[in-house]
Amino acid sequence: MYCKYCGSKLKDDADVCLKCGKFIKEEINPVSKKVKIPGKGLSIAGMILGIFAILLMMGEFDSISDFEAELPFVYTNTQFALFIFNYLFMDFLFICTGLALSIVGFTKNKNGFNISGMILNGISLFLLFVLFLLLAGTY
């Protein structure tokens, strides 16, 4: 058998040409096949939702201080309750979705995206609890 790249003589069971270093059989070439990592998309989505939930939470802490300054003059009890419900419920949905995606991705493949997604969503859940306690003490 001869190498199809450089023409040197090869053993019949050779996988690699010793002269040019090319792979003789295509199925052995590690670059020719892409390896699909199971759960990677779920991991990245969970991590992005965790980041988004933390950013949303940081914006809420800022807007709540503005809201509290105007509270006695502008907003009624119903408007305040709707404000709390909208922010907290939306955050809770983002956090639960991100946490679920990270956990499902973690069961398929244990990588850094899954772990960071779970940590970010855990931090978001803690901040949501703190925000809820701050708002519950406000009114």
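The values are calculated or read from the model by the stated rules, or taken from the named source; none is laboratory data. Everything numeric here is computed off the predicted structure, so don't read it as measured data.
Tabulated results
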read-out: Residue match in the range 56-78 (condition: at pLDDT 80 or above and not hydrophobic (A, V, I, L, M, F, W, C)); value: no
read-out: Residue selected from the range 16-48 under the condition of a type in the set (S, T, N, Q) and assigned to a loop (DSSP other than H, G, I, E, B), by the criterion modelled with the highest pLDDT; value: Ser32
